[in-house]
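J.: This is the structure I want to talk about, given as structure tokens.
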Amino acid sequence: LLKSCFLTTMSDIKITPLGAGQDVGRSCILVSIGGKNIMLDCGMHMGYNDERRFPDFSYISEGNLTEHLDCVIISHFHLDHCGALPFMTEMVGYTGPIYMTQPTKALCPVLLEDMRKVAVERKGETNFFTSPMIKDCMKKVTTVSLHETVQVDDELEIKAYYAGHVLGAAMFLIRVGSHSLVYTGDYNMTPDRHLGAAWIDKCRPDLLITESTYATTIRDSKRCRERDFLKKVHACVERGGKVLIPVFALGRVQELCILLDTYWDRMNLKVPVYFTMGLAETANKYYRMFITWTNQKIRRTFVHRNMFDFTHIKPFDKNYMDNPGPMVVFATPGMLHAGLSLAVFKKWAPCEHNMVIMPGYCVQGTVGHKILSGAKVVEVDRQNIQVKLAVEYMSFSAHADAKGIMQLIRHCQPSNVLLVHGENAKMNFLQQKIMQEFNINCYKPSNGETAVIPVTSNLKVEVSIPLIRQCLAIDSMADYYSRHSGEADDAASPGKRRQSEAEEILSVGAQAAIAAKRQKLLHGVLIMKNDSVRIARVCDAWQELGVTPHQIRYTQRVDLPSHTTAPHTHNTTHHLHATLTREFPCESVSVGECQVSVGEVLVRVQPPEPDVIVPQPPSSSSSSSHTSTSAASNHATTLLVSYTHQDETLGCKIMKIIQETYDL
């Protein structure tokens, strides 16, 4: 039998987006929880080429960032989540701990260096990090394995969970004391051809910070999308057009290349399909290195057949842009904001026979976002480009849709939800849906706005009823001791004693009411098992845990003078029983054969030892040889008082009563 009680504390979690607040791009979330300051992601914005590209770190501190941040956590290698990291560590000066998974650490410098080349070497930008800075930044990174709990300091710990999305992407559970939050980064609740679905424990955090890129979208079936994609590509090349598919170097391009290569083989098509030079080598290298991060099918077949050795897809050279006839080109990057994909787009956009298929989300400000919004003229490098080619959007994005976001909330069971990495209008819809369906608060702060989230910590502790009864019994006994400790019963007249007893009976109700309100100290064993916390008696804990008890008992010996004891041991036992029963009305006092017990305290009565004949040495003055004897007798009764260290108070009290009763 258990009785539950709760210990409740109140505090706040503060969230300030420096990026991705009611926006997609430049993810950078500042969290204050339990006195710790944590930065979640440190990305760059693909839609800006000025100071807005990086987060405004002066918001945190005008001076040393390291003094104000306890750690930085990077969820995955996409530039809108890690692109500002070298800028922060090497140019702003942060030197504290940085955490990410091993695949993210391996792939971050690849994408950062590619971006640096585009920004500095092709566009001539200044105030940008260098190649040595990228390397120095990566040296500061500490890697985290899936399901590994990393103790950042004495109070702060983090744990990584599989997020799908891209190779190495992780969600992070962050705990500070009794408070916790989950940061999803980008995640996908649907498995694909080479990655599994996101997964996390039912951790019930105080706050879930989730992306909301597709807050209002529920995707159709994957098979329908793939069939539609292949149909549109086939139709375009059949009428002599060229198809451009902007992609990022790792992730969706592997999915689409496998899909298109299989279709070309099945349909026996001869139209050339190209991809960016080095793309296959990059994919092969890192998917082989981190094969355990892929799904089961990839792990099973990778040894026997390389899924990225394509039959119909060949490396692309930029000279092929002017080749006549139909072709399909996969080119990076995926939002048409720079690089080879933008160069191909500029060349092919004026022809109405051509097509561009955008397979994922495009950040506001990029050319991809502009043409998806219906722009017929876009400015690229101070040139106006006529957009006459067909523009198609097909969501092969590895972000969770609205259904997936709701699924994660339902599984994770947070107390509060905060939306980031999404457009404000779409966030409004999802916010209302979350609040209605789950009856919890949902926040969506904009960049620079701080959301203050009150949280409570309820530690449920179950206390065994036998322990409570034991505590109340000890408390009642202590009250009795305190009331009778100063009495001199032998000096009180019978009339006065009867009056005192009557007064005591009348005051029992009042004393009980006072005792019920008084705080009581429990002595028990704390048992933490299967996420439950219980306090039980020591004996119950022994039994439940299968522990063999070892008990230490103290025994004190009292020799009673012969003139104070009854002539028989039987009479001494009953005399002692009557005395202790009178003194301990609240305790269980029992009598046995030559023993009396008060609770767990045992008093044994040993009879007097029999007479012993002791030989005497011969007298030196006697000349005759004889043996002299004398009778030595000990007629004292012995009491042995035995108790454990838990019952030391009761044992000492019984010893005092015995000494007072027998004038010792």
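The values are calculated or read from the model by the stated rules, or taken from the named source; none is laboratory data. What you are looking at is a predicted structure, and each value in this text was computed from that prediction instead of being measured. Here the Cβ is made from the backbone with ideal geometry for all residues, glycine too, and neighbour counts use every protein chain on show. Areas reflect the complete protein model, heavy atoms only, side chains present, ligands, DNA and RNA absent. Shrake-Rupley method; radii C 1.70, N 1.55, O 1.52, S 1.80 Å.
J.: K346: which aspartates and glutamates have alpha carbons under 19 Å from its alpha carbon, excluding same-chain residues fewer than 8 sequence positions away?
T.: D317, D322, E379, D381, E392
J.: Could you work out the per residue convex hull volume over the alpha carbons of region 222-393, in cubic angstrom?
T.: Values: hull volume 20.9 nm³, N = 172.
That works out to 122 Å³ per residue.
J.: For region 222-393, with all protein chains present and a 1.4 Å probe, just round the carbon and sulfur fraction of the accessible area to a whole percent.
T.: Details: 4100 of 8240 Å².
Answer for region 222-393: carbon and sulfur cover 50 percent of the accessible area.
J.: Further question on the same structure: Pop a pseudo-label 7 angstrom from the Cα along the beta-carbon direction at both K297 and H575 and give the gap in nm to one decimal.
T.: Going from the K297 label point to the H575 one covers 9.4 nm.
J.: Considering only Cα-Cα distances, which of the following residue pairs are longer than 19 Å: K36/K529; K318/K347; K232/K270? Kindly include the intermediate steps, with their values, before the conclusion.
T.: On the way: K36/K529 29 Å; K318/K347 11 Å; K232/K270 17 Å.
Distance filter (> 19 Å) returns K36/K529.
J.: On to the next question. For V452 and L259, what is the calculated FRET efficiency with R₀ set at 35 Å and r taken between the beta-carbons, to the nearest 0.05?
T.: 0.15
J.: With no solvent and one point per C-alpha, what does the Debye sum give as log10 I(q)/I(0) for region 298-421 at q = 0.09, 0.12, 0.20, 0.22 Å⁻¹?
T.: Summing over Cα pairs of region 298-421 leads to -0.40, -0.64, -1.14, -1.28.
J.: Leaving out same-chain residues fewer than 8 places away, which lysines sit with a Cα under 28 Å from that of K433?
T.: Excluding near neighbours in sequence, the set is K14, K202, K222, K403, K444.
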